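Here the structure comes first, spelled out in C-alpha cells, and everything after it is commentary.
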Amino acid sequence: MVLFTTKFVQRISLFVSFGGLVTTFVTTFLPLWKTMNSDLNEMENWYEGLWHMCIYTEEVGIHCKAFESFLALPLDTLASRVFMCISIATGFLGVAAAFFGLQGVEIGTRRERMKRTLLILGGVFIVVSGITTLAAVSLMAYIMVVKFWDENLPDVMPRWEYGEAMFSAWFAGLLLVVGGAFLFVAVCMGDHEAKLQSKILARNREQHPRTQHYRKTEII
C-alpha cells in the first residue's frame with residue numbers, strides 16, 4: 001500500500017495551505033508585531049501592530065487605539081499592511097482553486113484537465129501569498145534592526161523589538177510556501193500516473209487483438 005498517493009499529497013497540501021492562510025489572517029490583526037519596554041518605567045509595555053497600538057499597565061490593563069490616519073503610517077507599517085492584505089486575498093483564491101481541483105471533488109464529468117489547471121493556479125496563488133507574508137514580516141524586521149542599532153539615537157531611548165506576531169507571520173509564510181509547492185508536486189504525480197495508465201491501456205489494446213486471433217485459429 002502506497003501512502004503518498006496523489007490524492008493524499010493534494011489533501012495534505014491543501015490542509016497545510018489552509019493552516020497558513022488562517023495563521024496569516026489572525027496575525028495580520030494582532031497588535032503584537034512590535035514590543036517595547038522602557039527601563040525608566042518597567043510597569044509599562046508598549047505593543048504595536050499593523051492596525052493598532054496598545055499599552056499595558058498593571059493598574060489599567062491593556063488599552064489599544066487604532067491608527068487614525070492611513071497616510072501618517074510609517075513606511076514599513078504601511079508596506080507590511082499592503083503585503084498582508086495581498087497575502088490574504090491571494091491565499092483565499094489559491095485555497096478555493098485548489099479545493100475544486102482535488103480528486104474526488106465533482107465539478108462536472110470528464111474535467112481532469114480543468115482540475116489540473118485549478119491545482120496549478122491554486123499553487124501559484126498560495127506561493128505568492130506565502131512570499132508576500134514573508135516579505136511583509138522581513139521588511140518590518142529589517143527596519144526594526146536598523147533603528148535598534150542606530151548610533152544617532154541616545155542609549156536611554158527605548159527601542160522596538162520583535163513581537164510574537166512576527167514569528168507567527170514567518171511560520172505562516174513558510175506554511176503557505178510549502179503547501180503551494182507540494183500542490184505542484186501533486187500535479188507532477190498526477191501527470192506521471194496518467195502516463196502510466198495510458199501506457200497500460202496501449203499495451204492492452206495491442207495484446208487484445210492478437211489473443212482473439214490466436215483463439216480463432218486454434219478453434220479452426
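The values are calculated or read from the model by the stated rules, or taken from the named source; none is laboratory data. Bear in mind that the values here come from a model prediction, so they are computed numbers and not experimental data. Positions of Cβ are generated from backbone atoms using ideal geometry, with glycine treated the same way; all protein chains shown enter the neighbour counts. Heavy atoms of the whole protein, side chains included, go into the accessibility calculation; ligands, DNA and RNA do not. Shrake-Rupley method; radii C 1.70, N 1.55, O 1.52, S 1.80 Å.
Return yes when R159 is part of a loop (DSSP other than H, G, I, E, B), at pLDDT below 95, surrounded by fewer than 17 Cβ atoms within 10 Å (Cβ to Cβ) and of a type in the set (D, E, K, R) and no when it is not. It is true that R159 is part of a loop (DSSP other than H, G, I, E, B), at pLDDT below 95, surrounded by fewer than 17 Cβ atoms within 10 Å (Cβ to Cβ) and of a type in the set (D, E, K, R). Of the residues making up region 23-36, those that are surrounded by fewer than 15 Cβ atoms within 10 Å (Cβ to Cβ) and either part of a helix (DSSP H, G or I) or more than 19 Å from the chain's Cα centre (by Cα) (or both) number 1.
Give me the residue from region 99-129 that is polar (S, T, N, Q) and assigned to a loop (DSSP other than H, G, I, E, B) and, out of that set, most open to solvent (accessible area, probe 1.4 Å). Step by step, filter region 99-129, then rank; the result is T109. Within region 50-68, if we keep just the residues that are assigned to a loop (DSSP other than H, G, I, E, B) and either within 15 Å of R159 (Cα to Cα) or open to solvent by 80 Å² or more (accessible area, probe 1.4 Å) (or both), the residue that is modelled with the highest pLDDT turns out to be E68.
Going by the conditions given, is M157 free of Cβ contacts under 8 Å to residues at least 24 places away in the same chain and not hydroxyl-bearing (S, T, Y)? Answer is yes for this residue. Taking every residue in region 15-29 that is in contact (Cβ under 8 Å) with a residue 24 or more places away in the chain and pairing it with any residue that is among the charged types (D, E, K, R) and open to solvent by less than 70 Å² (accessible area, probe 1.4 Å), at least 6 positions away or on another chain, the pairs with Cβ-Cβ distances below 9 Å are T28/R81.
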